[in-house]
Structure formats: structure tokens, C-alpha cells
Amino acid sequence: MVSALDSTRLVSAQYALKNLRTSDDSSQDTQSSSAASILSSYGLDSSSASLLSNNALSGLLDTLSSQSDTSDETKATGADVTSASFMSMLKKQLQDAAAAEGESGKAHDMLAALEAGTLTISDPTQGVSIAAWDVDDPDEADTDSKTGKAIDVSGWSDFLDAHLERGADAAFVKENGSYVDQTNDSNAYFGLIGSDYYYLSWPQAAAK
């Protein structure tokens, strides 16, 4: 369920999304500006190109729309985060993002955590959290799926507010380019994996 403020934002965002979906290619700059403004209003990082696409904005708005439904029977659906096919998609996406970053960056850190078995993926809309695994590890060759940890089912707004700290400008606080999970001091990322939103966390690098 969303708050009155979120409801107001959602209505504005839905109008903006309608305009984005019906605009031609000549208005890309305006589309990106509108998307950035909407994402920022929810405290999300608007500097990432991957979050400024129409598909990303559409996914976010669909998620927020589902939160406004008061029926307990209505649950968001998405990919099976506990499956090997999801882990394969995740690794490919992180590899592509790391290649685009260059020699270092957040995608490199998440990819390293995935390969080390320290990357956790959470989806409160489905009530599940799971430690990611490397599908290319010979020891995981026969792994089709694993059992995730049950977490409270909630909307993204409540989940993010419980895990991330907001600054004076209402945006979620970042340290060294990543959000910091205030429940365990791990690095965190919230964004699209495939066509759905997920929350990823991994240990911070040890201080040298």
C-alpha cells in the first residue's frame, strides 16, 4: 500500500509515462529528463543510464501501481529468483555492465560478489531472499534451483525505507557509489535485472 504522497507521485508519474510511451524519437532528451525527475522523487538514483529507459520507468511504475492495490490476494509476479536461469541472466547482465564500466565500478563489485557467493538478492514483492550462485561453477553444474529465505512481503517503498537511509534531500544516501544497507552495513543496489526490479546486497570491501 502506498502513502498519500506516493499516490500523488504515482498519478503524476503515470501521466508522464503515457507521454513517454507515445513520444517519438526526437524527444529522447525530454523523456530522459522526465524519467530522471520521477525516479528522483522516489529517492532512486537517476544518474544511471539503465534506470532512465522507458522500460525501466515502466517497470517501476507498474510495481508502484501494484502496491496501491489493497487486496491481500494481489501479489506482484516476476522471474523465479531462486532458479538457475535467473542466475544465468543476472551474471550475463553484470558482465555486460562491467564491460561498459571499464576496469572497475559497481558492476565489477557485484560480479565479484556473485562469483564469491556473497551476493544476496531480495524481492519483497514475492517475499524471498536468496544468495546468488555462479552458474559457471562446476560444483553448481547440476543446480536447477535453490531454496530462498522467506522475508516479509511488502511494497518496495516500505522495504527500501527499512533498509536504506534517506538524506536531507529525501534521496537515498550513497557511499562510494553504492547504497548502504543500514540493517547490516553491506553495499546495496536497487534496479532492473531482466525486466523486474530486485534489491542486491554484498559485503563492503575491508578497509585497508
* Conditions: (1) open to solvent by 50 Å² or more (accessible area, probe 1.4 Å); (2) part of a loop (DSSP other than H, G, I, E, B). Ala162 meets all but one. Number of the miss? -> (2)
* Looking only at residues in the stretch 113-159 that are of a type in the set (Ser, Thr, Tyr) and not in a strand (DSSP E or B), which one is surrounded by the most Cβ atoms within 10 Å (Cβ to Cβ)? -> Thr125
* To do: Could you run through the stretch 165-188 and say how many residues are within 16 Å of Met110 (Cα to Cα) and open to solvent by less than 30 Å² (accessible area, probe 1.4 Å)?
  => 7
* **Among (1) over 23 Å from Ala79 (Cβ atoms); (2) in contact with a Phe, Trp or Tyr (Cβ under 7 Å, 6 or more places away or on another chain) - the single one Lys106 does not satisfy** => (1)
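The values are calculated or read from the model by the stated rules, or taken from the named source; none is laboratory data. Small disclaimer: the values here were computed from a predicted structure and weren't measured. Note: ideal-geometry Cβ built from the backbone for every residue, glycine included; neighbour counts use all protein chains shown. What goes into the accessible areas is simple: the full protein's heavy atoms, side chains included, and nothing from ligands, DNA or RNA. Shrake-Rupley method; radii C 1.70, N 1.55, O 1.52, S 1.80 Å.
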